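Structure, as structure tokens:
The values are calculated or read from the model by the stated rules, or taken from the named source; none is laboratory data. Everything numeric here is computed off the predicted structure, so don't read it as measured data. Heads up, the Cβs are rebuilt from the backbone with ideal geometry, glycines too, and the neighbour counts pull from every protein chain shown. The accessibility values were calculated without ligands, DNA or RNA, using every heavy atom of the protein model including side chains. Shrake-Rupley method; radii C 1.70, N 1.55, O 1.52, S 1.80 Å.
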Amino acid sequence: MDKIRIVIADDHRLFREGIKALMSSLNLVEVVAEAATGEEAVRNALEHQPDVILMDIQMPGMNGIEASRQIIQQSPHIGIIMLTMFEDDESVFMAMRAGARGYILKGADQSELMRAVYAAASGEALFSPTIASRLMKFFNHPQRDLPINAFPDLTQRELELLELIAKGMGNPEIVKRLGISNKTVRNHISNIFSKLQVADRAEAIVKAQEAGLGNV
């Protein structure tokens, strides 16, 4: 059997070296290149035409999702696995829309990572159990359309958080409701306040309710 040719794209050198050491210990896998930026990932992908790319989301310059989109547009046979610390729904769906065949958290064990690599090399898609559970939960609970025209600068996820804020929910309730980390909630809220040009939660609630969000 031919070896699975892999490119590792991550801006943390120690992490790349760790993954490379792991991959190099397996007879069926060969690391053909490394990248520290999205631009390098695109160049290495087009030059080496690997079977699989392990792609971080957050990298200097072009992020991993945009790099994935460009790679798949030109070389759709390459299987891209997002290997990241981010587990919020928005990151997962952005990766899926970009064409990723897998989404694995960096805390995953070796067997889980290798299952994803083998699946991607075979043209299949494999998501970690945690991510798969989140996808099932999302699709099993239809999302109500929100008045996006009222706040065109907000993403769908930000609109969803804004509605929960308008209903009077605090951060702990939002964390539990959406199944995302407290840090992710805080980051979204900060972005919402900035885009709405409000100073605090009270002002955000007023604007949201005036636009029809939060109404029972």
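Computed quantities for the displayed model
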| quantity | calculated |
| --- | --- |
| Whole-number percent relative contact order across the chain, with pairs defined as alpha carbons under 8 Å at least 6 apart | 13 percent |
| Extension reserve of the Ser122-Arg177 stretch, reckoned as 0.36 nm per residue once the Cα distance is removed | 16.2 nm |
| Kirkwood Rh in Å, taken over the chain so that all alpha-carbon pairs contribute | 18.7 Å |
| Gln49 paired with Ser133, simple spin-label distance in nm, labels 7 Å along Cα-to-beta-carbon | 4.1 nm |
| Euclidean distance between Cα centres, the stretch 168-209 to the stretch 17-81, Å | 34 Å |
| Portion, in percent, of the accessible area of the stretch 46-131 that falls on carbon or sulfur, probe 1.4 Å | 51 percent |
| Within-11-Å neighbourhood charge of Glu17 [Cβ basis; K, R +1; D, E -1] | +1 |
| GNM flexibility winner over the chain from Ile174, Ile104, Ile81 (Cα, springs under 10 Å) | Ile174 |
| Count of lysine pairs in the chain with Cα separation under 26 Å (8 or more residues apart, or interchain) | 18 |
| Net charge over other residues, Cβ less than 11 angstrom from the Cβ of Lys3 (K, R count +1; D, E count -1) | -2 |
| Accessible-area value, Met23, 1.4 Å probe, nucleic acids and ligands omitted, Å² | 0 Å² |
| Accessible area expressed per residue, the chain, with surrounding protein chains retained (probe 1.4 Å, Å²) | 52 Å² |
| Surrounding net charge for Leu46, when Lys and Arg each add one and Asp and Glu each subtract one, Cβ distance under 12 Å | -2 |
| Inter-probe distance in nm under a simple model that places probes 7 Å from Cα toward Cβ, at Ser194 and His77 | 4.2 nm |
| Rounded to the nearest 10 Å², the accessible area of Asp10 at probe 1.4 Å | 0 Å² |
| The stretch 1-128: relative contact order in percent, alpha carbon pairs under 8 Å with at least 6 residues between | 21 percent |
